[in-house]
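Down below is the structure, laid out as structure tokens.
The values are calculated or read from the model by the stated rules, or taken from the named source; none is laboratory data. Keep in mind that this is a model prediction, so the values were computed, not measured. Cβ coordinates were reconstructed from backbone atoms using ideal geometry, including for glycine residues, and neighbour counts include every protein chain displayed. Surface areas here come from the heavy atoms of the whole protein model, side chains and all, with no ligands, DNA or RNA. Shrake-Rupley method; radii C 1.70, N 1.55, O 1.52, S 1.80 Å.
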Amino acid sequence: MNRPYIYRGQKIPGVFQRCNRNCPASRCTVHTWSFHLVLPAGPDGRRPQVTKGGFASGQEAKKAREDAATAARSGKVSSKPGLTFADWSKTWFDGKTELGKFRPSTAKANQIALDLHLRPQLGKYKLKDLTASHIERAYGAIMRNRHREIEAATQAGQPAPRPISPSTIHRMHSIVTNCLASAEKNGLVVRNVARLVELPKAENPKPAYWTPKQGRYFLDWLHERGDRLYPLIHLAIHAGLRRGELLALGWADVDLDNELLQVWRQRTTVAGAVSVVEKPKTEAGDRPVPLFPDTAAVLRHWRAQQNRERLAWGPAWNDGGWVFTHEDGQPLYPDTVGRTFRKLADQAGLPRLRFHDLRHTFATTARTAGSDMATLSKIMGHSSPKITNDRYAHVSIEAHRQLINQIGEAMRDATG
């Protein structure tokens with residue numbers, strides 16, 4: 001039975017002593033006191049309840065209940081004290097996905113990070129008990145576990161997984177931060193402790209790129225082979241578009257008469273299996289891109305070749321309106337383009353690059369030619385000039401050599 005707490009002749013609601021039939025009717029000195037409190041309704045309309053025991057006296061339980069009620073009204077207590085990170089992260093992720101807040105590729109990446117790394121390390125903690133130290137230790141464990149996986153695979157002579165770098169931890173931390181920010185907004189935690197976490201330093205790797213001479217050589221080499229990737233790579237080198245942006249181009253987006261195209265979507269892969277077309281991550285990604293006259297001429301020849309293929313395939317032609325396709329009109333698969341590009345670069349005897357590094361080649365050439373960061377940022381479709389500056393503030397050896405020669409000439413003239 002529950003014995004109510006009587007204070008100054010009044011029964012105090014929600015404060016009681018849990019007793020049994022063997023306890024005295026007047027007073028029990030064996031069992032402790034507890035309180036029960038119904039909290040204000042949360043965002044979902046439900047009214048969470050809190051029960052806590054172990055108090056030595058009814059007065060202590062009464063005071064604790066009053067403090068809990070005050071904290072709840074001020075938003076300084078969780079409305080669901082038993083909720084774990086595993087439970088909430090699933091609720092948060094499912095809700096965001098259902099509302100279409102994640103792009104398909106982002107949703108898949110977040111799901112993998114949560115299932116394979118974050119929930120195994122953080123899932124057991126109650127949200128109200130989670131600390132910055134817990135999160136920091138979790139990141140360390142994630143990196144150590146991957147290191148052990150790599151060592152085991154290497155010793156067994158099997159393909160090793162990619163290492164988890166500080167940059168990867170930063171991306172995981174973004175998931176944790178957003179998840180806990182939503183918990184804070186919904187009154188589930190007092191504050192977002194992820195903002196207190198000290199992250200490992202993530203260095204921006206220097207972009208790999210080809211010199212203009214190497215890029216020109218590769219294009220000539222492709223043209224002589226009659227490779228069907230020639231127009232795609234020509235546009236990549238001369239316009240700096242992302243691979244996904246190139247593969248999502250439709251002929252309706254290309255104005256060859258005015259030498260202009262419009263970028264407003266991109267083709268990506270989800271879990272390496274499904275190709276989807278989606279909007280750019282930021283508004284800056286939706287942009288007009290002028291064409292170099294030589295590139296416009298290459299695209300005219302390519303459109304003529306594609307029209308011949310359309311006639312040859314007849315009704316079997318896939319009329320999706322895509323610029324870069326297979327012979328039957330099917331759009332190119334992003335990962336296949338990347339693998340084919342690397343093989344072609346090897347065959348041409350050039351330094352191995354990722355397809356994305358053609359974008360770095362364009363940006364570095366633009367910097368060498370004297371482009372300012374603000375203009376280059378708009379051309380690249382970056383959301384901020386700071387991103388452009390962080391990636392392309394380096395000076396290429398060609399620009400460095402040009403500056404050294406200019407300084408040398410100035411010194412020579414001064415001594416004359």
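What to note about this one:
- Distance between the C-alpha centres of region 229-262 and region 307-382: 8 Å, rounded to the whole angstrom.
- With pairing defined as another cysteine C-beta under 4.7 Å, the cysteines of the chain that fail it are 179.
- Fluctuation leader among 302, 33, 251 - the chain, Gaussian network, Cα springs under 10 angstrom: 33
- Over the chain, dividing the summed -39,500 (n - 2.57) contributions of all DSSP H runs of at least 4 residues by the number of residues returns a 222 nm mean residue ellipticity of -15000 deg cm²/dmol.
- Modelled FRET efficiency - R0 30 Å, residue 70 with residue 26, Cβ distances, 0.05 increments: 0.40
- For the chain, carbon and sulfur atoms together expose 52% of the accessible surface, with a 1.4 angstrom probe and every protein chain in place.
- Computing FRET efficiency as 1/(1 + (r/R0)^6) for residue 405 and residue 328, where r is the C-beta to C-beta distance and R0 is 60 Å, gives about 0.70.
- A value for Rg and Dmax of the Cα atoms in Å was derived from the coordinates, and within the list [x] 22.6, 96; [y] 31.3, 114; [z] 22.1, 65 it appears as [y].
- Among 113, 202, 160, the largest mean-square fluctuation in a Gaussian network model of the chain, built with springs joining Cα atoms closer than 10 Å, belongs to 160.
- Around residue 122: net Lys/Arg minus Asp/Glu count, Cβ-Cβ under 15 Å: +2
- For residue 220 and residue 384, a Förster radius of 30 Å and the Cβ-Cβ distance give a FRET efficiency of 0.25, rounded to the nearest 0.05.
- When each of 206/343; 96/126; 52/124; 62/126; 96/279 is checked by Cα-Cα distance, pairs over 19 Å: 206/343; 96/126; 52/124; 62/126
- Heavy atoms of residue 327 accessible to a 1.4 Å probe, total area in Å² rounded to 10: 100
- Charge dipole (the chain, unit charges on Cβ, about Cα centre) - positive-most of 158, 187, 277: 187
- Simple label model, 7 Å out from Cα along Cβ direction - residue 307 to residue 256, nm: 0.7
- Taking the charge dipole of region 229-351 about its Cα centre, with +1 at Lys and Arg Cβ atoms and -1 at Asp and Glu Cβ atoms, the residue from 240, 290, 333 reaching farthest to the positive side is 333.
- GNM flexibility winner over the chain from 315, 231, 293 (Cα, springs under 10 Å): 315
- Annotation: per residue accessible area for the chain equals 58 Å², rounded to a whole number [probe 1.4 Å, protein chains only].
- Computed extension gain for residue 204 through residue 277, at 0.36 nm per residue and net of the alpha carbon distance, reaches 23.5 nm.
- Tensor-based shape of region 69-167 (alpha-carbon gyration tensor, a/c under 1.5 rounded, otherwise prolate or oblate): oblate
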